[in-house]
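The block underneath contains the structure these notes are about, expressed in structure tokens.
The values are calculated or read from the model by the stated rules, or taken from the named source; none is laboratory data. Everything quoted here is computed from the prediction, not taken from an experiment. Positions of Cβ are backbone-derived with ideal geometry, glycine not excepted, and every protein chain shown enters the neighbour counts.
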Amino acid sequence: MNRRELLKLIAATTGTAMIGSSALLTGCATPASLVFSAEDIALLDEIAETILPRTETPGAKDAKVGQFMVVYVNDCYTAEEQAIFHNGLVALEEHSYKTYGRRFMALQPAERETFINQLDQYAKAEIVAGRMHYFTMIKQLTLFGFFTSEVGGTQVLRHVPIPGRFDGELPYKPGDRAWATR
């Protein structure tokens with residue numbers, strides 16, 4: 001899977017083109033960047049783990065998706081996109097507190113899942129209205145960071161480090177994993 005195919009997959013999954021995708025295709029370089037604390041990275045890891053939890057395969061925390069998001073936001077997002085992302089983390093915590101009386105990190109796994117699903121529905125409505133929502137950014141970076149990581153590419157997707165002959169008619173069995181290429 002090349003970068004363009006991955007961007008199309010993310011767009012199909014999240015309902016919008018990936019934020020910062022032009023920087024991904026041309027090379028990331030944004031002059032300004034905001035500072036993320038260790039607590040921010042831990043929060044991003046937990047949000048990502050709620051989106052892609054560990055099951056019989058690794059989860060988002062195994063791929064260090066929170067740290068990936070920090071690097072991508074700082075290096076590839078515009079100043080405006082960075083502000084939306086940062087303000088979104090604050091808004092997420094405020095919304096969690098208003099809804100549950102606790103910050104996201106203090107929520108039980110079932111509460112986290114319900115909360116994330118509600119945010120996802122709200123974000124989709126914002127996209128339909130033509131506005132970008134911070135949760136869409138988080139979800140896109142979770143998927144992108146996980147499936148382009150070594151963990152996601154080798155333990156979740158099929159990976160052949162040295163490709164063999166081309167076989168255009170590989171049989172597919174229900175439950176087969178998708179392919180990862182580098």
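Across the stretch 138-182, the qualifying residues are those that are of a type in the set (Val, Ile, Thr) and not in a helix (DSSP H, G or I), and the one among them that is modelled with the highest pLDDT is 148. For the stretch 97-116, check the following and say yes or no: at least one residue is closer than 28 Å to residue 177 by Cβ, among the aromatic types (Phe, Trp, Tyr) and surrounded by 20 or more Cβ atoms within 10 Å (Cβ to Cβ). No, the stretch 97-116 contains no residue that is closer than 28 Å to residue 177 by Cβ, among the aromatic types (Phe, Trp, Tyr) and surrounded by 20 or more Cβ atoms within 10 Å (Cβ to Cβ).
Scanning the stretch 58-86 for residues that are more than 17 Å from the chain's Cα centre (by Cα) and either in a helix (DSSP H, G or I) or touching a residue at least 60 places away in the same chain (Cβ under 8 Å) (or both) returns 79, 80, 83. State which residue is surrounded by the fewest Cβ atoms within 10 Å (Cβ to Cβ) when the search covers only the stretch 132-178 and only residues that are of a type in the set (Phe, Trp, Tyr) and under 30 Å from residue 104 (Cα atoms). Within the stretch 132-178, the match that is surrounded by the fewest Cβ atoms within 10 Å (Cβ to Cβ) is 147. Here residue 128 meets each of (1) more than 29 Å from residue 74 (Cα to Cα); (2) loosely packed, with under 11 Cβ neighbours inside 10 Å with one exception, condition (1).
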